[in-house]
Amino acid sequence: MLRAHTAAAQDVIEFAVPHTLAFTFFPSWLSGLREACGPIKSRLIALNVHDAVMRLVEGSCDLLIAYHHMAQPIQLDAERYEMLPLGRETLSPYVKPNEQGGPLFALPGTAGQPLPYLAYAPGAYLGRAVDQILKQCGTPLHLDRIYETDMAEGLKAMALEGHGVAFLPSSAVRKDVRAKKLVPAGGGFETTLDIRIYRERPAARKAKGPVEKFWTDLQNHLDAASAPPATR
């Protein structure tokens, strides 16, 4: 515990990031910022969503990157914390393809033959988002919960081996879908997740110089990317 609270060097920016985003989003996102924000020294702390949020609240990290879903909003006081939107992605069901290239298991399944379901463990953030999909979809799904873990990468590994259907973020499966190692298990069973970055407002706690510069550069980069093209 003491090691975890050892202060990083003042020129290192500490990011608290949920496991799924740490694997799939963070590396390419940081690469894409080199031109806008310059090289930065970073320390990645991969955690579950709750613990990542607590890191920010306790002042044990500089920045938090997390998913945001309207049914599962992250509870942070807007007067104390500020946020920038980084992008969006889809959470939807995937499965290993059969020999013909179609889904090995196709939703919705039947009451007599429920589909093997690779699920998020109770309490996992993405699991709660999937629960929302299952509640709101017009078609009843027939699923047999045969495996669970709290990490999307763990579910993807099982899906790749043909064990069942897993709901996965698009960034986690992009390469596998392109390589035809995974295919959608059915349409109309998805939801959209926002990806956001948070920090404590400078008025609440004095930020490290590199963090302040990075946040300003990032804000300018996002503003420039969303600005309409200039007309002649």
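A few points about this structure:
- Residues in the stretch 157-186 that are in contact with a strand residue (DSSP E or B) (Cβ under 8 Å, 6 or more places away or on another chain), surrounded by fewer than 22 Cβ atoms within 10 Å (Cβ to Cβ) and among the aliphatic types (A, V, I, L, M): 3 in all.
- Members of the stretch 95-149 found to be within 18 Å of residue 184 (Cβ to Cβ), among the hydroxyl-bearing types (Ser, Thr, Tyr) and either surrounded by fewer than 17 Cβ atoms within 10 Å (Cβ to Cβ) or out of contact with any strand residue (DSSP E or B) (no Cβ under 7 Å at 6 or more places or on another chain) (or both), listed by number: 139
- From 36, 66, 111, residue being of a type in the set (A, V, I, L, M, F, W, C) and over 28 Å from residue 137 (Cα atoms): 36
- Criterion (surrounded by 12 or more Cβ atoms within 10 Å (Cβ to Cβ), at pLDDT 90 or above, part of a strand (DSSP E or B) and of a type in the set (Lys, Arg)) met by exactly one of 43, 55: 43
- Within the stretch 73-107, being assigned to a strand (DSSP E or B), of a type in the set (Phe, Trp, Tyr) and modelled with pLDDT under 95 holds for one residue alone: 81.
- Residue count for the stretch 120-156, restricted to those that are assigned to a strand (DSSP E or B), of a type outside the set (Val, Ile, Thr) and more than 22 Å from residue 74 (Cβ to Cβ): 5
- Within the stretch 10-40, restricting attention to residues that are assigned to a helix (DSSP H, G or I) and among the hydrophobic types (A, V, I, L, M, F, W, C), the residue that is nearest to residue 123 (Cα to Cα) is 21.
The values are calculated or read from the model by the stated rules, or taken from the named source; none is laboratory data. A quick note: this is a predicted structure, and the numbers were derived from the prediction, not measured. Methodologically, a virtual Cβ is constructed for each residue, glycine included, from the backbone with ideal geometry; neighbour enumeration extends over all protein chains shown.
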